[in-house]
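J.: My structure is below; once you've seen it, I'll send some questions.
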Amino acid sequence: MDLQISGKRALVSGSTKGIGFAIACELAREGAQVVINGRTVSAVADAVARLKAAIPAAEVQGIAADLATAEGCQSLFAACPQADILVNNLGIFDPVPFEAIADSEWQRFFDVNVMSGVRLARHYLPAMKVANWGRIVFISSESGINTPGEMVHYGMTKSAQLAVSRGLAQSCAGTGVTVNAVLPGPTRSEGVADFFGKLAADSGISLDEMERRFFAEGRPSSILKRMIDPAEVAALVAYVCSARAAATTGAALRVEGGIVSTIC
């Protein structure tokens, strides 16, 4: 299927690894001019090199900027003033008991997971409206619907992304700009793999057994019963970013393996 985004400029925040990198690769395969973002020059350079090695014909630019801050966003805007496709993927997670989450951590999670996407969308949306074409995607999570007791602050930010996405979509009514949220489930990104590896080592069990226990006890409603591959999330995101998805907007699209048990 031709997604009809060849030549479109696509910015993917937090894209040096994991889901973000997989999305950048998928968009590059479809011919988009991809902008990879991360906090450090070394991480960005490494990601650009890996993408070019995987897709030699890819047009890719790397921009190091900490998008959790207004200053970092401004430096990115200077290097990338325009984008046809914006994927707000940047995000952090950390399992912490509710009573132990300090005010500063609530603010940090909100700045990284929510305000980065708000600032980027606020900058790129006006030109998209003028062009009458654009795609904005927020990478939320099933935790935005099923707030996890072990990381309430994370779930809060993912719910906030759903609200921002829906409101922005309504503000684009009658235009060729779509805004959607994509909700992955537990995904085998580098950060999650490292986290589960540590849990397995601390418990004296194999990684496979730790994953089995997680889905049996932590996410028992999962139909998939396994970790999702980042490429499986990226495939849906690439479609949502495409010209073929013109009638999909204001939606919260799930790629979470059936963890969310409600139909709508």
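The values are calculated or read from the model by the stated rules, or taken from the named source; none is laboratory data. Owing to the predicted nature of the structure, the values given are computational and were not obtained by experimental measurement. We place every Cβ from the backbone using ideal geometry, glycine too, and count neighbours over all the protein chains shown.
J.: Would a scan of the range 82-105 turn up a residue that is without any contact (Cβ under 8 Å) to a residue 60 or more places away in the chain and within 25 Å of residue 245 (Cα to Cα)?
T.: Within the range 82-105, none of the residues are without any contact (Cβ under 8 Å) to a residue 60 or more places away in the chain and within 25 Å of residue 245 (Cα to Cα).
J.: Assuming residue 71 fulfils every condition listed in (1) farther than 30 Å from residue 186 by Cβ; (2) of a type outside the set (Phe, Trp, Tyr); (3) in contact (Cβ under 8 Å) with a residue 40 or more places away in the chain apart from one, which condition is it?
T.: Failed condition: (3).
J.: Go through 92, 136 for me and flag whichever is assigned to a strand (DSSP E or B), closer than 23 Å to residue 231 by Cβ and not aromatic (Phe, Trp, Tyr).
T.: Selected residue: 136, the only one of 92, 136 that is assigned to a strand (DSSP E or B), closer than 23 Å to residue 231 by Cβ and not aromatic (Phe, Trp, Tyr).
J.: In addition: Answer yes or no as to whether residue 221 is of a type outside the set (A, V, I, L, M), touching a residue at least 24 places away in the same chain (Cβ under 8 Å) and farther than 27 Å from residue 177 by Cβ.
T.: It is true that residue 221 is of a type outside the set (A, V, I, L, M), touching a residue at least 24 places away in the same chain (Cβ under 8 Å) and farther than 27 Å from residue 177 by Cβ.
Results for (1) surrounded by 20 or more Cβ atoms within 10 Å (Cβ to Cβ); (2) assigned to a helix (DSSP H, G or I); (3) not assigned by TED's automatic domain parsing to the domain that holds residue 25, shown as yes or no for each residue.
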position: 159; (1), (2), (3): no, yes, no
position: 180; (1), (2), (3): yes, no, no
position: 192; (1), (2), (3): no, yes, yes
position: 196; (1), (2), (3): no, yes, yes
position: 200; (1), (2), (3): no, yes, yes
position: 214; (1), (2), (3): no, yes, yes
position: 220; (1), (2), (3): no, no, yes
position: 234; (1), (2), (3): yes, yes, no
position: 261; (1), (2), (3): no, no, yes
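J.: Would you pick out the residues in the range 45-80 that are part of a strand (DSSP E or B), surrounded by fewer than 17 Cβ atoms within 10 Å (Cβ to Cβ) and touching a Gly at 6+ places or on another chain (Cβ under 9 Å)?
T.: 59, the sole residue that qualifies.
J.: Regarding residue 116, is this residue touching a residue at least 12 places away in the same chain (Cβ under 8 Å), part of a helix (DSSP H, G or I) and either within 16 Å of residue 260 (Cβ to Cβ) or in contact with an Asp or Glu (Cβ under 8 Å, 6 or more places away or on another chain) (or both)?
T.: For residue 116, the condition - touching a residue at least 12 places away in the same chain (Cβ under 8 Å), part of a helix (DSSP H, G or I) and either within 16 Å of residue 260 (Cβ to Cβ) or in contact with an Asp or Glu (Cβ under 8 Å, 6 or more places away or on another chain) (or both) - is not met.
J.: I'd like the residue in the range 81-134 that is surrounded by fewer than 21 Cβ atoms within 10 Å (Cβ to Cβ) and of a type in the set (Lys, Arg) and, out of all such residues, is farthest from residue 147 (Cα to Cα).
T.: It comes out as 129.
One line per residue, one yes/no per condition, for (1) at positive phi; (2) within 14 Å of the chain's Cα centre (by Cα); (3) outside the structural domain of residue 119 (by TED's automatic domain parsing):
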site: 13; (1), (2), (3): no, yes, no
site: 18; (1), (2), (3): yes, yes, no
site: 23; (1), (2), (3): no, yes, no
site: 34; (1), (2), (3): no, no, no
site: 38; (1), (2), (3): no, yes, no
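J.: Take residue 87 and decide whether it is touching a His at 6+ places or on another chain (Cβ under 9 Å) and not in a helix (DSSP H, G or I).
T.: No: the conditions fail for residue 87.
J.: Here's another thing I want to ask about it. Given (1) at positive phi; (2) assigned by TED's automatic domain parsing to the domain that holds residue 20, where does residue 204 come up short, assuming only one miss?
T.: That leaves (2) as the condition not met.
J.: Moving on to the next point. Taking the condition under 26 Å from residue 235 (Cβ atoms) and in contact (Cβ under 8 Å) with a residue 40 or more places away in the chain, does residue 158 pass?
T.: So residue 158 passes the test.
J.: Please determine, by comparing only the residues of the range 31-41 that are touching a residue at least 24 places away in the same chain (Cβ under 8 Å) and out of contact with any helix residue (DSSP H, G or I) (no Cβ under 6 Å at 6 or more places or on another chain), which one is farthest from residue 73 (Cα to Cα).
T.: Residue satisfying both the conditions and the ranking: 31.
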